[in-house]
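Colleague: Questions regarding the structure given below will be posed in turn.
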Amino acid sequence: MNRSVLVDDALRSGVGLDPGGIDREATGSAGLLASRFAVLELAAVAVGAVEDAADRLRIALGYEPMHTALDLERIAAAYQSDRLLRIDGAAVDAFAPLSGFFAAADGWVRTHANYPHHRRRLSAMLGIGDEATRAELASAIASRSALDLESEAAGVGALLVAVRSPAEWSSTPQASVGDGPLVRRHGGSTGSRIASWVRPTRRQPLRGLRVLDLTRVIAGPVSTRTLALLGADVLRVDPPRVPEIPWQHTDSGQGKRTAILDASTPRGLATLQTLSDEADILVTGYRPHALERLGLRRRDGLVTGSVDAWGTTGPWGDRRGFNSLVQAATGIALVEGEDGAPGALPAQALDHSAGYLLAAAIVDDVARVVGGGGGAGRSSVSLARVGAALQRLPRTEDRQASDLPGARCLVTHGAVMTARPALSAFDDHAFPAAVLGSAEPQWTPRT
């Protein structure tokens, strides 16, 4: 059985996007991204936003728009890429043993301990030792209040939130992040060099532009991977002491170069500042104001995009967060669960949607610059705001198993099998993910 999704102004407005794209109809399996929530519709809107923005940029550059159709199976594959990824034929574990739902004395909590430094903070907070088992963590949590644990975790930089119902989340001060535009825009600055450096083709309208990628995990890397797909030269920079999880980069690092740089040293910060000064677009995924505290200055004329978990203001504005924690805290997990126990969406949908929405906003900023309609802008997206958009869409009481996309949505390079791009005009990325840190922290010469 097929299912059709029409991405039109009504659906865009339903998730909080401004209207203005073309109507795009797509058809796929009824079981794709199956959920009580309208996950497939949200995914189609987010990917459609990139297609709309790319066409607006093409028009600004003097090309005909492509009006590419949406392929729901390809979109679902991109969203579920962690489930489809195979390295040497083996699947990957998306979550570490100490990450997940745990019963507290008065409800549930969700932890995130995929990164070693987060695991250490969580274990130290609970007094269970760095090599604790999942059973030991569960025992340490079981006698404690969920909200007390959440408050203590925030104080020490550990990642744990209380699982709330939608009503409970709406009564918190941080719930206001769900109001306002889905993509926040923060004005613009003059002096952009984009019009001088862009060397576009109709297929790749960002060709010639440099993107400095200071993002991690999923949302930010999805955004910059999309910019690379549209022709940009993307250089991802990571710190040496907090390495990325290797499979995660393999899953989202296609089409980019990647370098390691210690910006905590004067020499490293100077190099990072030079990279930023010579870039056209800067994309960040660190907590609000982290780069300013580091000492990185944003030059005028630099198009900037950022992604955060909880918004940039309010009592949670500076807290660490991940997709799974946002689902748990905002009520999504309880709605998606069974028999009072929390559950999860069929994909890291808030992350992926935020990534595509941010990419679309950045492409629109480039279009405004080359079209003479404004200066270089700053755009930001919050996972919690995307979650609020998902919760406002119509939902169903039935929850069926989600079908995984088929082999036509996959591509193999050597030992790695990954999902094809969500944008259906592209069969594959320009090149597979390189080894993390395999490039020098410098730009390739412009042509």
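The values are calculated or read from the model by the stated rules, or taken from the named source; none is laboratory data. Quantities reported herein were computed from a predicted structural model and do not represent experimental measurements. Here Cβ is always computed from backbone atoms with ideal geometry, including for glycine, and neighbour counts include all displayed protein chains. Surface areas here come from the heavy atoms of the whole protein model, side chains and all, with no ligands, DNA or RNA. Shrake-Rupley method; radii C 1.70, N 1.55, O 1.52, S 1.80 Å.
Colleague: When only residues in the range 2-42 that are under 22 Å from ARG56 (Cα atoms) and touching a Lys or Arg at 6+ places or on another chain (Cβ under 6 Å) count, which is least open to solvent (accessible area, probe 1.4 Å)?
Modeller: Result: VAL7.
Colleague: Right, next: Does at least one position in the range 284-304 carry a residue that is closer than 22 Å to ALA347 by Cα and in contact with a strand residue (DSSP E or B) (Cβ under 6 Å, 6 or more places away or on another chain)?
Modeller: Within the range 284-304 (the criterion being closer than 22 Å to ALA347 by Cα and in contact with a strand residue (DSSP E or B) (Cβ under 6 Å, 6 or more places away or on another chain)), the answer is yes, since at least one residue qualifies.
Colleague: In addition: Could you check the range 251-270 and list, in sequence order, the residues that are outside any helix (DSSP H, G or I) and among the charged types (D, E, K, R)?
Modeller: LYS256, ARG257, ASP262
Colleague: While we're here: Which of the residues belonging to the range 173-182 are under 19 Å from the mean Cα position of the chain (by Cα), closer than 16 Å to TRP310 by Cβ and not in a helix (DSSP H, G or I)? Walk me through how you get there before you give the answer.
Modeller: Just the residues of the range 173-182 that are under 19 Å from the mean Cα position of the chain (by Cα), to begin with: 177-178, 181-182.
Those still in the list that are closer than 16 Å to TRP310 by Cβ too: 177-178, 182.
Within the range 173-182, LEU182 is the sole residue that qualifies.
Colleague: Which one of VAL222, VAL242 is surrounded by fewer than 16 Cβ atoms within 10 Å (Cβ to Cβ) and either touching a Phe, Trp or Tyr at 6+ places or on another chain (Cβ under 9 Å) or of a type in the set (Gly, Ala, Ser) (or both)?
Modeller: Working: VAL222 fails: surrounded by fewer than 16 Cβ atoms within 10 Å (Cβ to Cβ).
Among VAL222, VAL242, only VAL242 is surrounded by fewer than 16 Cβ atoms within 10 Å (Cβ to Cβ) and either touching a Phe, Trp or Tyr at 6+ places or on another chain (Cβ under 9 Å) or of a type in the set (Gly, Ala, Ser) (or both).
Colleague: Within the range 268-309, take every residue that is within 19 Å of GLU440 (Cβ to Cβ) and of a type in the set (Ser, Thr, Tyr) and give me the one that is nearest to the chain's Cα centre (by Cα).
Modeller: Here the answer is SER276.
Colleague: Let me ask another. Residues of the range 120-154 being farther than 23 Å from GLU336 by Cβ and within 25 Å of the chain's Cα centre (by Cα), which ones?
Modeller: Matches in the range 120-154: ARG120, ARG121, LEU122, ALA154.
Colleague: Please give the strands (runs of 3 or more DSSP E) falling wholly within the range 66-172 in which 1 or more residues are in contact with a helix residue (DSSP H, G or I) (Cβ under 6 Å, 6 or more places away or on another chain) and aromatic (Phe, Trp, Tyr). Step through it out loud before you land on a result.
Modeller: Working: elements: 100-104, 107-111, 160-162.
Strands (runs of 3 or more DSSP E) meeting the threshold: 100-104.
Colleague: Please work out which residue is nearest to GLY188 (Cα to Cα), limiting yourself to the range 342-374 and to residues that are over 21 Å from the mean Cα position of the chain (by Cα) and open to solvent by 30 Å² or more (accessible area, probe 1.4 Å). Reasoning before the result, please.
Modeller: We begin by selecting, within the range 342-374, every residue over 21 Å from the mean Cα position of the chain (by Cα); these are 342, 367-374.
Filter once more, keeping what is open to solvent by 30 Å² or more (accessible area, probe 1.4 Å): 368, 370-374.
Numbers: ARG368: 10, VAL370: 14, GLY371: 14, GLY372: 12, GLY373: 11, GLY374: 7 Å.
Only one residue tops the list, namely GLY374.
Colleague: Go through (1) in contact with a Ser or Thr (Cβ under 8 Å, 6 or more places away or on another chain); (2) part of a loop (DSSP other than H, G, I, E, B); (3) surrounded by 15 or more Cβ atoms within 10 Å (Cβ to Cβ) and name the single condition SER380 misses.
Modeller: (2)
Colleague: Among ARG392, ARG420, which is out of contact with any Leu (no Cβ under 9 Å at 6 or more places or on another chain) and open to solvent by 40 Å² or more (accessible area, probe 1.4 Å)?
Modeller: Values: ARG420 fails: out of contact with any Leu (no Cβ under 9 Å at 6 or more places or on another chain).
After ruling out the rest, the residue left standing is ARG392.
Colleague: Related question: Restricting the search to the range 375-404, which residues are over 22 Å from GLU41 (Cα atoms) and either modelled with pLDDT of 90 or more or within 12 Å of the chain's Cα centre (by Cα) (or both)?
Modeller: Filtering the range 375-404 down to residues over 22 Å from GLU41 (Cα atoms) leaves 375-379.
Answer for the range 375-404, where residues must be over 22 Å from GLU41 (Cα atoms) and either modelled with pLDDT of 90 or more or within 12 Å of the chain's Cα centre (by Cα) (or both): just SER379.
Colleague: Next question. Any residue in the range 310-323 that is closer than 17 Å to SER99 by Cβ sitting within a Cβ distance under 7 Å of a residue that is of a type in the set (A, V, I, L, M, F, W, C) and open to solvent by 70 Å² or more (accessible area, probe 1.4 Å)? List the pairs, counting only those 6 or more apart or interchain.
Modeller: none
To keep it simple, each residue is scored yes or no on (1) open to solvent by 40 Å² or more (accessible area, probe 1.4 Å); (2) of a type in the set (D, E, K, R); (3) over 30 Å from SER29 (Cβ atoms); (4) out of contact with any Cys (no Cβ under 7 Å at 6 or more places or on another chain).
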{"site": "ALA78", "(1), (2), (3), (4)": "no, no, no, yes"}
{"site": "LEU85", "(1), (2), (3), (4)": "no, no, no, yes"}
{"site": "VAL92", "(1), (2), (3), (4)": "no, no, no, yes"}
{"site": "ALA105", "(1), (2), (3), (4)": "yes, no, yes, yes"}
{"site": "VAL109", "(1), (2), (3), (4)": "no, no, yes, yes"}
{"site": "HIS117", "(1), (2), (3), (4)": "yes, no, yes, yes"}
{"site": "ALA135", "(1), (2), (3), (4)": "yes, no, yes, yes"}
{"site": "LEU159", "(1), (2), (3), (4)": "no, no, yes, yes"}
{"site": "ALA162", "(1), (2), (3), (4)": "no, no, yes, yes"}
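Colleague: Would you be able to say whether some residue in the range 174-186 is of a type in the set (Val, Ile, Thr), over 27 Å from ASP300 (Cβ atoms) and either without any contact (Cβ under 8 Å) to a residue 60 or more places away in the chain or in contact with a His (Cβ under 8 Å, 6 or more places away or on another chain) (or both)? Steps first, answer last, please.
Modeller: Looking only at the range 174-186, we keep the residues that are of a type in the set (Val, Ile, Thr), and these are 177, 183.
Right, trim to over 27 Å from ASP300 (Cβ atoms) and you get 177.
Those still in the list that are either without any contact (Cβ under 8 Å) to a residue 60 or more places away in the chain or in contact with a His (Cβ under 8 Å, 6 or more places away or on another chain) (or both) too: none.
No, every residue in the range 174-186 fails to be of a type in the set (Val, Ile, Thr), over 27 Å from ASP300 (Cβ atoms) and either without any contact (Cβ under 8 Å) to a residue 60 or more places away in the chain or in contact with a His (Cβ under 8 Å, 6 or more places away or on another chain) (or both).
Colleague: Here are the criteria: (1) more than 24 Å from ASP55 (Cα to Cα); (2) touching a Phe, Trp or Tyr at 6+ places or on another chain (Cβ under 7 Å). Tell me which single one LEU160 does not satisfy.
Modeller: If we test LEU160 against (1) more than 24 Å from ASP55 (Cα to Cα); (2) touching a Phe, Trp or Tyr at 6+ places or on another chain (Cβ under 7 Å), just (2) comes out false.
The rows are residues; the columns are (1) open to solvent by 40 Å² or more (accessible area, probe 1.4 Å); (2) small (Gly, Ala, Ser); (3) touching an Asp or Glu at 6+ places or on another chain (Cβ under 8 Å); (4) outside any strand (DSSP E or B).
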| residue | (1), (2), (3), (4) |
| --- | --- |
| VAL237 | no, no, yes, no |
| HIS249 | no, no, no, yes |
| LEU272 | no, no, no, yes |
| ALA279 | no, yes, no, yes |
| LEU282 | no, no, no, no |
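Colleague: Now for a different question. Does ILE194 count as among the hydrophobic types (A, V, I, L, M, F, W, C), open to solvent by 40 Å² or more (accessible area, probe 1.4 Å) and touching a strand residue (DSSP E or B) at 6+ places or on another chain (Cβ under 9 Å)? Show your work before the answer.
Modeller: Numbers: among the hydrophobic types (A, V, I, L, M, F, W, C): yes; open to solvent by 40 Å² or more (accessible area, probe 1.4 Å): no; touching a strand residue (DSSP E or B) at 6+ places or on another chain (Cβ under 9 Å): yes.
Answer is no for this residue.
Results for (1) at pLDDT 95 or above; (2) under 13 Å from LEU423 (Cβ atoms); (3) not acidic (Asp, Glu), shown as yes or no for each residue.
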residue: GLY20; (1), (2), (3): no, no, yes
residue: ASP23; (1), (2), (3): no, no, no
residue: LEU42; (1), (2), (3): yes, no, yes
residue: GLU51; (1), (2), (3): yes, yes, no
residue: ARG58; (1), (2), (3): yes, no, yes
residue: TYR63; (1), (2), (3): yes, no, yes
